[in-house]
Amino acid sequence: MPNFQVSVVIENKPGISDPEGDTILNDLVLKDKNTHITQIRSGTILKFSITESNEQSAKDSVLKICDELRIYNPLVSKVTATVDEI
């Protein structure tokens, strides 16, 4: 069976405050006069290596693990996953 890398990005949903992104924007970007940047959103990326029969099975398995382990809060977090064969 093939090996896949599933990248899971966890970030706050639109409308939910992002203090880390705001701090990066205010303290690092705007102080350096990069005024053309108007917003920064931060997130967390998790990379899973998994052996599955196909890309969709790999993605589904990883997302199920994330749900079962409550790695993120579904009320405030948006989760996206991408799959690459390795």
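No value in this document is a laboratory result; all are computed from the given coordinates. All values reported here derive from a predicted model rather than from experimental measurement. Please note: Cβ atoms are built from the backbone with ideal geometry, for glycine as well, and neighbour counts cover all protein chains shown.
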Next on the checklist: Could you go through the range 74-81 and let me know if any residue there is surrounded by 15 or more Cβ atoms within 10 Å (Cβ to Cβ) and more than 30 Å from Val29 (Cα to Cα).
Outcome noted: no
Item to check | Residue that is surrounded by the fewest Cβ atoms within 10 Å (Cβ to Cβ), among those in the range 1-44 that are within 23 Å of Asp84 (Cα to Cα) and aliphatic (A, V, I, L, M) | outcome: Met1
